[in-house]
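First up is the structure itself, then whatever we jot down about it.
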Amino acid sequence: TLDAELFGYAPAGPDAKARSLVQARRAATIDPYSSVTHLALARATLFNGNCTAATRIGRRAIALNPNDPDLHAAIGTLLFNCDDPGAEAILRRALALDPDPRASFYAALVFIALDRGDIATARREVAQITPPGSIPAFYDVLTAVVAAADGDREAARAAWARVAKADPAIARDPQALLDRWVLPARLRAKSMDYLRSAGLVAPAASGAVR
């Protein structure tokens, strides 16, 4: 499917991003009052590099459905990718709306904290997640990144041992998993740096593109 191409679960065709935008625009035209179609359009717009429009469309989606926690989590993550200062408030609204939030609700909050160098908050956010989460190795990769960022090699290695048991391919090369997460490129790179610093993955090859 097109979503599988966009999120790295299937080989992406050269026009996958453009096709996603055409399809999302068509859906939003057919149903202009649907928060779901607006979310799809906001994501497609983000994938096509237009943060200004993606942010505007995302906020419109929330206005159409202001009490949906999943929508808030998705739009908050999208806004985080666009460096929107309102992203954190929307993500925390998602937590307030859902009595049992999924691990993915916390992920962007963890990286927002890491981005500003607030390791203590990042660890508190991870501690609130109910493991293991819906994505294989998601929780333990996140735990390892935060522990490594905090210099806690013992905790990082314990989490990585669980990653290796659950999905050896991810333990060998976590970059593919990180690339599927909707995160700014700088934080995907920083996450890999943290994992390398803890000795969990091999050092980057000299001259490798980051």
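Could you list, ordered by first residue, the pairs with Cβ atoms under 7 Å in which the first is in the range 106-126 and within 11 Å of A149 (Cα to Cα) and open to solvent by 50 Å² or more (accessible area, probe 1.4 Å) and the second is β-branched (V, I, T) and not in a loop (DSSP other than H, G, I, E, B), at least 6 apart or interchain?
R123/V146
Tally up the residues in the range 47-88 that are free of Cβ contacts under 8 Å to residues at least 40 places away in the same chain and part of a helix (DSSP H, G or I), please.
25
Do we have R92 as open to solvent by 20 Å² or more (accessible area, probe 1.4 Å), over 21 Å from I62 (Cβ atoms), among the basic types (K, R) and assigned to a helix (DSSP H, G or I) here?
Numbers: open to solvent by 20 Å² or more (accessible area, probe 1.4 Å): yes; over 21 Å from I62 (Cβ atoms): no; among the basic types (K, R): yes; assigned to a helix (DSSP H, G or I): yes.
Judged against the criteria, R92 is not a match.
Only one residue in V182, V145, V163 is β-branched (V, I, T), over 16 Å from the mean Cα position of the chain (by Cα) and within 19 Å of I129 (Cα to Cα), so which one is that?
V163
Restricting the range 170-188 to residues that are open to solvent by less than 20 Å² (accessible area, probe 1.4 Å) and touching a residue at least 60 places away in the same chain (Cβ under 8 Å), which is farthest from F47 (Cα to Cα)?
L187
Which condition from (1) β-branched (V, I, T); (2) touching a Leu at 6+ places or on another chain (Cβ under 9 Å); (3) without any contact (Cβ under 8 Å) to a residue 24 or more places away in the chain is the one that T143 breaks?
Result: T143 fails condition (2) only.
Could you identify the single residue in R162, R188, R196 that is in contact with a Pro (Cβ under 6 Å, 6 or more places away or on another chain) and of a type in the set (K, R)?
Answer to the selection: R196.
Within the set of pairs 6 or more residues apart or between chains, which connect a residue that is open to solvent by 60 Å² or more (accessible area, probe 1.4 Å) inside the range 148-169 to a residue that is of a type in the set (V, I, T) and at pLDDT 95 or above with Cβ atoms less than 7 Å apart?
Between residues of the range 148-169 that are open to solvent by 60 Å² or more (accessible area, probe 1.4 Å) and residues that are of a type in the set (V, I, T) and at pLDDT 95 or above, the close pairs are D150/I119.
The values are calculated or read from the model by the stated rules, or taken from the named source; none is laboratory data. If you're wondering where the values come from, they're calculated on a predicted model, not measured in any experiment. Note that each Cβ is placed from the backbone with ideal geometry, even for glycine, and that neighbours are counted across all protein chains shown. Ligands, DNA and RNA are excluded from the accessible area calculation, which covers all protein heavy atoms including side chains. Shrake-Rupley method; radii C 1.70, N 1.55, O 1.52, S 1.80 Å.
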